[in-house]
Amino acid sequence: MRKQYLHLSAYSCDKCQGPVISGALAVRENAISKETEIRQVGAICLSCGHRQNRATEPERSRQFFPAEWAPVNAIEAGHLATAYVEALNRAD
């Protein structure tokens, strides 16, 4: 009964005070086990595009309830290339 969960959080951007959305994936082997294989998937400000990986003090992060997220078996090479080009274009 191995399941993967998506965790989302939101906090204010240091540059523009807009909303930053951060995500992570984690796996549970069964309903009562602790989550393992926790992997950060990224964070981005929805207003200005700044990639801020955590909330700056004294700001607090708002956590949303985890959602079950079916794992993807294979990632197509085209998706990785597109994500890489977008990251290069946004580099500061």
(request) Could you please give the count of residues in region 54-92 that are outside any helix (DSSP H, G or I) and either modelled with pLDDT of 85 or more or surrounded by 10 or more Cβ atoms within 10 Å (Cβ to Cβ) (or both)? (result) 14
(request) Among residues belonging to region 12-53 that are exposed (fewer than 12 other Cβ atoms within 10 Å of the Cβ), of a type in the set (D, E, K, R) and within 17 Å of the chain's Cα centre (by Cα), point out the one that is nearest to residue 2 (Cα to Cα). (result) 37
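The values are calculated or read from the model by the stated rules, or taken from the named source; none is laboratory data. All values reported here derive from a predicted model rather than from experimental measurement. Positions of Cβ are backbone-derived with ideal geometry, glycine not excepted, and every protein chain shown enters the neighbour counts.
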